[in-house]
1. Looking only at the range 39-61, which residues are touching an Asp or Glu at 6+ places or on another chain (Cβ under 6 Å) and within 25 Å of Lys15 (Cβ to Cβ)?
2. What are the pairs with Cβ atoms under 9 angstrom where one residue, in the range 55-70, is at positive phi and the other, located anywhere, is modelled with pLDDT of 95 or more and of a type in the set (Val, Ile, Thr)? Sequence gap at least six, or different chains.
3. What's the total number of residues in the range 61-92 that are buried (at least 18 other Cβ atoms within 10 Å of the Cβ), more than 14 Å from ligand 2 (Cβ to nearest atom) and more than 14 Å from Val108 (Cα to Cα)?
4. Kindly check whether there is at least one residue in the range 154-166 that is without any contact (Cβ under 8 Å) to a residue 40 or more places away in the chain, in contact with a helix residue (DSSP H, G or I) (Cβ under 6 Å, 6 or more places away or on another chain) and polar (S, T, N, Q).
5. If you scan the range 73-108, which residues turn out to be in contact with a strand residue (DSSP E or B) (Cβ under 7 Å, 6 or more places away or on another chain), without any contact (Cβ under 8 Å) to a residue 40 or more places away in the chain and of a type outside the set (A, V, I, L, M, F, W, C)?
6. Of the residues Asp63, Asp29, only one is away from ligand 1 (no atom under 13 Å from the Cβ), outside any helix (DSSP H, G or I) and within 15 Å of the chain's Cα centre (by Cα); which?
7. Scan Gly82, Gly18, Gly47 and give me the residue that is closer than 24 Å to Val211 by Cα and more than 14 Å from ligand 1 (Cβ to nearest atom).
Amino acid sequence: MIKIAPSILSADFLKLAGEVKSIETSGADLVHLDIMDGNFVPNITFGPMIVRQIRPLTKLPFDAHLMVDDPIRYAPLFAEAGCEMITLHAETERHLHRSLQFLKDLGVKAGVALNPHTPADFLPYVGDLCDLVLVMSVNPGFGGQKYIESSTEKIRKISDIRKKYGFGYEISVDGGVNDKTLAAVVSAGADILVMGSYFFGKPEPERGELVRKSKLQSC
Ligand code: DX5
Ligand code: ZN
């Protein structure tokens, strides 16, 4: 069954506690945390202090997506703040193999994210260290952008590599996922759908239905 990971990037931060709780009551599976530093991406969001404050609000796993330079410097802070999954970007790492091992040694699930222009060819060499491969299907930095069509082929390639090498990573797709794009993303091999504006664009009472429908549509 597909997993849904709403991103609080599109939440109403004046009502953050209620927004986080609505993720769990909707039946979604993960809380996606978009961490941006204003360097790797042209936007700034929030840090481990906020993550620590919202941690007690839900039992769902926290899935931190680090869009920051030098993610290894910050990953321990997010692990301590209660993130079970930490994803860094392939583009920031000179020594990706070592960085993924570093995440695993922190005791979290290790993820690697690929920007839209980054080919998947390196995955055979680090796939055994990955619990998660995150395909950016928009340019990182902002919610509410349009799905980049070439992402579908990349998801398929990452799924083929998983099969060929017997890897166990989950494939997460992040950016522009909604009722129009979902079917293609899932049939290409995605396991986790990150949803920002699609999820939080709906009033709270409709979010459960959105999650149910998305899961049904992907069966
Ligand atoms: C973008 C973030 C995404 C974003 C997705 O840099 O990584 O997680 O919240 O938002 P939507 O679903 O609105 O494209
Ligand atoms: Zn994200």
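The values are calculated or read from the model by the stated rules, or taken from the named source; none is laboratory data. Small disclaimer: the values here were computed from a predicted structure and weren't measured. With ideal geometry, Cβ positions are generated from the backbone for all residues, glycine too; neighbour counts draw on all protein chains shown.
1. Result: Thr45, Thr58, Leu60, Pro61.
2. Asp70/Thr92
3. 2
4. no
5. Tyr74, Gly82, Glu84, Ser99, Lys104
6. Matching residue, one of Asp63, Asp29: Asp29.
7. The unique qualifying residue is Gly18.
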